[in-house]
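What follows is a set of notes on a single structure, which appears directly below.
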Amino acid sequence: MLRRHGGADGRSDIARYGVGTPGEPTQGAGAVAMVVAADPGLVELDVGISGTSSTHVHDFWRPLGLREAQVDGHYSVQCYLDAVATAYRGWRRRAAVRDVIRGDGLVSERLARICYHVPFCKMARKAHLQVRRCDLDDAGAPWDVGAEEARGAAAFREQVEPSLGLCARIGNIYTGSLYLGLAGLLHAQAHGLIGARIGLFSYGSGCTSEFFSGVVAARAAEQIAAARLDEVLAARERISIAEYERILALPPTAPLVPRAGHASDDQFRFVGVADQRRQYSTR
């Protein structure tokens, strides 16, 4: 489920971009709740087949006392690309040992779809190009910029673009971004992907990442339909720029005041920590 949330004080784990900053247009708000089970309804993960990357960098941070995130944009993009290359190569190596990537052509093309962490949709295109370059470079194949531009664009449209529908409508939701992409993919194409293997790349600035894979479960279509994603998105409220900027200027303790005629029983916000427990309020 996706929930609208308000601001929080400097002790929280919520970061946002300031008004007028380059990152402001990318941000969204949302959360993803999942159940991990022995009999999965959405995706059966390839347990033990993943690649990881972790590096100590300062591309994205939130200084103490600030509610807005600070980011070195160009450096952050490069950190992401370096991470996806390392993590993907680790996954590919383990997947080859376990013989789950049979077939011809680039290894990445043997995955029916790939979902990436999406801070903004164009980043998924950059990530997919990086993954393809890993395959070509490691195979000793020449990097033909003109040919790869066409082939890479076609691969992106087939393998990645179907996962970006919800991300484009909601924006960056940080930790849940990959799983919002997965929800978007299944929402759009679950019926045609039953039994297909997909790739997933999770990333967090700082930076730590993992590339893993799984097979779309037989009940995926009915499970994702039960989430009623179209209804959740249709229930959102459109506000003016002036109202948006007024809300951002509110202090962390300001109550959420519902608009006339709209119930707020299912909306909540983080208000702090007491007795080592996170506290939430609906007022």
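The values are calculated or read from the model by the stated rules, or taken from the named source; none is laboratory data. Keep in mind it's a predicted model, so treat the numbers as computed, not measured. Here the Cβ positions follow ideal geometry from the backbone for every residue, glycine too, while neighbour counts run over all protein chains shown.
Side notes on the structure shown:
- Region 53-93: number of residues that are in contact (Cβ under 8 Å) with a residue 40 or more places away in the chain, in a loop (DSSP other than H, G, I, E, B) and closer than 17 Å to residue 22 by Cβ: 4
- In region 102-124, residue nearest to the chain's Cα centre (by Cα) [restricted to those that are without any contact (Cβ under 8 Å) to a residue 60 or more places away in the chain and part of a loop (DSSP other than H, G, I, E, B)]: 106
- Against the test of being buried (at least 21 other Cβ atoms within 10 Å of the Cβ) and part of a helix (DSSP H, G or I), the options 221, 150, 183 yield a single qualifying residue, 183.
- Taken together, 92, 62 contain a single residue that is over 22 Å from residue 130 (Cα atoms) and either more than 17 Å from the chain's Cα centre (by Cα) or surrounded by fewer than 19 Cβ atoms within 10 Å (Cβ to Cβ) (or both), which is 62.
- For region 154-177, a residue qualifies if it is out of contact with any helix residue (DSSP H, G or I) (no Cβ under 9 Å at 6 or more places or on another chain) and of a type in the set (A, V, I, L, M), and exactly one does: 154.
- Selection within region 79-88 - crowded, with 19+ Cβ neighbours inside 10 Å and over 12 Å from residue 200 (Cβ atoms): 79, 80, 83, 85
- Cβ-Cβ contacts under 8 Å between residues 6 or more apart (or on different chains), taken from a first residue in region 191-208 that is part of a loop (DSSP other than H, G, I, E, B) to a second residue that is modelled with pLDDT under 95 and of a type in the set (Asp, Glu), are listed as 205/59; 206/59; 207/59.
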